[in-house]
Amino acid sequence: MRFHWLWGLLLVTLGASVWPPERLAAAAGRPEVPAAPATLAACIDRALERSPRLALAHAAARAADTGVDLARSAGGLHAALSGEVRGTTPTPLVQIPGQEPREVIPALDASLGLAIEVPLDVGRRLRSERRAAQAGADAAWARYEQARDQLVFEVVRAYYGVLQADAFRDATAAAVDAAEESRRVTRARVAAGMANDLESQRADTALAKAREQLALAESRAAEARAALATVIGMPGAPVGELQIVFLEPDRIPDPEESIARAQAERPELAAALADLRQAASRLRAADAADRPAWALSGGVKAQRASLIRVPFAATIGLGFTWPFGDHGRADALVDQAEASRDGARSAVADTAAAIELQVQQSVLAIADARSRIDSAMMVRTEAEQALAEAEAAERRGASLPMGTLRARASLAEAVALERASRYALSVAYAAWARSTGATAEVFLTAGPPEG
């Protein structure tokens with residue numbers, strides 16, 4: 001009886017070793033956290049599905065479309081159906097000589113009418129308001145595309161951040177293996193009297209530094225995974241090994257061609273131009289607000305006949321309103337609209353300049369990454385040759401395994417450097433696509449390349 005607790009502990013230990021962590025979490029009542037996608041295309045799709053920022057921009061665009069419908073309805077035909085049943089007491093009578101008194105208005109009166117009004121846009125105010133609403137919708141949808149393109153770029157950058165962190169972690173792990181072997185050999189040499197304690201201390205220090213670098217690399221890899229999980233809308237989700245994919249342009253883009261493409265495709269510039277069109281249309285609408293507003297009106301009405309009424313009546317008319325006494329309100333609205341138009345013009349110029357700078361920077365980043373890839377490939381080739389020579393020397397007995405491990409660590413570092421350069425090129429290419437408005441074409445139309 002004294003050892004029953006030992007059996008219980010053994011069963012718990014065996015259960016923990018047999019059941020995977022997710023089943024233990026489910027048994028404890030904790031919800032399972034789904035793993036993040038492992039491919040770039042899937043990560044982009046997940047981000048587009050879950051991003052609240054993108055959902056907000058989409059809702060704003062749909063609301064702007066509703067504003068267009070409202071502006072169009074203001075200039076169309078307006079019809080209203082009305083009816084009434086009314087009782088009157090006492091009933092007014094009229095006496096006609098030689099006849100019985102007759103009701104002027106029936107005691108129980110009923111009527112049904114249809115009224116129609118058509119605004120006449122003589123001053124072009126309604127037309128300007130419609131154009132302003134349409135320009136506002138164009139700007140809202142351009143900002144939605146801007147939010148979408150920025151989200152895609154952030155996913156690409158976070159994805160390659162994970163791949164780059166993994167590459168340096170692997171290279172650091174290889175350096176730790178080499179440092180451990182170096183320390184083992186050094187200690188053996190000290191024990192054999194072939195080395196002193198100072199060499200042993202140096203080997204211990206080198207191993208400690210390598211392990212410190214490995215811990216730092218693992219921490220950065222974890223941070224990169226957390227950043228990717230957050231940007232795709234799955235904070236806290238585990239991120240496993242990602243599929244390695246390189247995004248490489250066929251050639252270094254031409255700066256002038258890239259700038260011209262950005263001016264035609266960039267959603268930020270499209271939004272700024274739409275804002276300018278909206279401001280100009282609002283200015284024209286404000287300028288027309290103090291002019292007479294004309295409208296055609298008419299209608300038909302069915303009613304109970306009486307002494308002074310016929311059963312059916314029709315009307316048609318032309319009316320106007322002229323707000324000539326507004327204490328300067330119309331002038332203030334015009335001044336306000338002019339200021340908005342001037343600000344929109346400045347925003348267009350500022351956006352165009354910023355886009356041109358971004359395009360030039362992305363082209364330079366692509367050229368720099370290509371140069372770094374060429375240098376890294378040369379380093380990798382030299383490291384592969386050095387490893388082959390070290391392995392051959394070890395097979396002949398002319399070298400210790402430590403030399404081979406060091407060569408492998410150097411090769412791992414060279415591979416990590418080359419991959420980091422290719423990842424940098426991939427991010428630079430994504431930045432170029434973002435800066436030129438080609439994000440949808442590169443990443444969404446056919447999807448990013450895989451494998």
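The values are calculated or read from the model by the stated rules, or taken from the named source; none is laboratory data. Because the structure is a prediction, the values reported are computed rather than measured. Virtual Cβ from ideal backbone geometry, glycine too; neighbours counted across all protein chains shown.
Residues in region 392-436 that are part of a loop (DSSP other than H, G, I, E, B) and free of Cβ contacts under 8 Å to residues at least 24 places away in the same chain: Gly397, Ala398, Ser399. Within region 187-203, does at least one residue satisfy the condition of being over 21 Å from Gly403 (Cβ atoms), of a type in the set (Lys, Arg) and in contact with a helix residue (DSSP H, G or I) (Cβ under 8 Å, 6 or more places away or on another chain)? No, that holds for no residue.
Pairing each residue of region 263-292 that is free of Cβ contacts under 8 Å to residues at least 60 places away in the same chain with any residue that is surrounded by fewer than 22 Cβ atoms within 10 Å (Cβ to Cβ) and part of a loop (DSSP other than H, G, I, E, B), provided the two are 6+ apart or on different chains, yields C-beta distances under 8 Å for Asp290/Pro323; Asp290/Phe324; Asp290/Asp326.
One residue stands out in region 437-451 among those that are assigned to a helix (DSSP H, G or I) and over 14 Å from the mean Cα position of the chain (by Cα): the one that is modelled with the lowest pLDDT, namely Thr445. Of the set (1) in a helix (DSSP H, G or I); (2) farther than 26 Å from Ala42 by Cα, all apply to Met194 but (1). Taking the criterion of being more than 28 Å from Gln358 (Cα to Cα) and in contact with a Phe, Trp or Tyr (Cβ under 7 Å, 6 or more places away or on another chain), the residues of region 196-255 that qualify are Ala217, Leu242.
Here's a check for you: in region 368-425, which residue that is of a type in the set (Gly, Ala, Ser) and within 18 Å of Gln213 (Cβ to Cβ) is surrounded by the most Cβ atoms within 10 Å (Cβ to Cβ)? Ranking the qualifying residues of region 368-425, first place goes to Ala409. For region 48-67, the set of residues classified as of a type in the set (D, E, K, R) and without any contact (Cβ under 8 Å) to a residue 40 or more places away in the chain consists of Arg62 only.
Within region 189-205, the set of residues being at pLDDT below 90 and of a type in the set (Val, Ile, Thr) comprises Val190 only.
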